[in-house]
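Here is the structure we will look at, set down as structure tokens.
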Amino acid sequence: MANPITPRIARELIQHEGIVREAYRDSEDVWTWGIGVTNASGHEVHPRYKDNPQTLRFCLQVYLELLEQRYAVAVRAAFDGHALTEEQFGAALSFHYNTGGIGRAAWVRSWKAGKVAQAKAQILNWKKPPAVLPRRRKEQALFFDGTWSAGATATEWPVRKPSYKPDFANGIAIDIRDELEDLIKD
């Protein structure tokens, strides 16, 4: 298969998203779980995971299934006829996982037309909410310069209650390499 989801790509996205093993309200007050999964993905999050933490393995399994079945398909279609490196596919997948906008993104059309400098600038137009701009810059660096930002660990966040917001003061770094390697078999 062209452009498979590799452990390195999966880690890159997880580093942007973080891991929360039970349902929480994100910055837009949307119920979210695991690795940025919402009901809009087709996987029921709320009420299923409210006050119901899941194992790391299950969170990763659902994430990888959704990544392949819902998001990677759209990215491959958006770049049909154009070869992507692992870095480019990973950056585009991260962008689409976060925005859902790969099919309508001007930067994709510009890149496919050979207007690389224009595309590199346009990817940063997707900056709402403003807190997403650091992620967009990392996606830009990965797609256009081949610079990875993820390492072996991801941050796992607990949930504060009764607000059901992530407790950003108490995240812990966890090594996710072995679990991902086991789940993603080439």
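Side notes on the structure shown:
- Residue in region 153-174 that is in contact (Cβ under 8 Å) with a residue 60 or more places away in the chain, in contact with a Lys or Arg (Cβ under 7 Å, 6 or more places away or on another chain), assigned to a loop (DSSP other than H, G, I, E, B) and of a type in the set (A, V, I, L, M, F, W, C) present: no
- ASN170 being within 28 Å of ARG57 (Cβ to Cβ) and either over 16 Å from the mean Cα position of the chain (by Cα) or aromatic (Phe, Trp, Tyr) (or both): yes
- The number of residues in region 40-54 being touching an Asp or Glu at 6+ places or on another chain (Cβ under 8 Å), at positive phi and either crowded, with 17+ Cβ neighbours inside 10 Å or not acidic (Asp, Glu) (or both) comes to 0.
- Some residue of region 9-18 being more than 14 Å from GLU139 (Cα to Cα) and in contact (Cβ under 8 Å) with a residue 40 or more places away in the chain: yes
- Residue match in region 97-114 (condition: of a type in the set (Lys, Arg) and under 23 Å from TRP33 (Cα atoms)): no
- The criterion of being touching a helix residue (DSSP H, G or I) at 6+ places or on another chain (Cβ under 8 Å), under 30 Å from GLY81 (Cβ atoms) and outside any loop (DSSP other than H, G, I, E, B) holds for ALA119.
- Of all residues in region 150-177, those satisfying the criterion of being among the small types (Gly, Ala, Ser) and either closer than 16 Å to TYR24 by Cβ or buried (at least 16 other Cβ atoms within 10 Å of the Cβ) (or both) are ALA150, ALA154, SER163, ALA169, GLY171.
- Among the residues making up region 20-39, those that are under 15 Å from LEU67 (Cα atoms) and buried (at least 19 other Cβ atoms within 10 Å of the Cβ) are TRP33, GLY34, ILE35, GLY36, VAL37.
- Against the criterion of being part of a loop (DSSP other than H, G, I, E, B), modelled with pLDDT of 95 or more, under 21 Å from ILE9 (Cα atoms) and among the hydroxyl-bearing types (Ser, Thr, Tyr), THR147 qualifies.
- Flag for SER110 being modelled with pLDDT under 95, hydroxyl-bearing (Ser, Thr, Tyr), closer than 26 Å to PRO130 by Cα and surrounded by 15 or more Cβ atoms within 10 Å (Cβ to Cβ): no
- Within region 55-100, the residues that satisfy the criterion of being buried (at least 18 other Cβ atoms within 10 Å of the Cβ) and assigned to a loop (DSSP other than H, G, I, E, B) are PHE79, LEU84.
- Flag if LEU133 is part of a helix (DSSP H, G or I), surrounded by fewer than 15 Cβ atoms within 10 Å (Cβ to Cβ) and hydrophobic (A, V, I, L, M, F, W, C): yes
- Residues (touching a His at 6+ places or on another chain (Cβ under 9 Å) and in a helix (DSSP H, G or I)) located in region 101-116: ILE102, GLY103, TRP111, LYS112
The values are calculated or read from the model by the stated rules, or taken from the named source; none is laboratory data. None of these values were measured; they are calculated from a predicted model. Because the Cβ atoms are built from the backbone with ideal geometry, glycine has one as well, and the counts that use them run over all protein chains shown.
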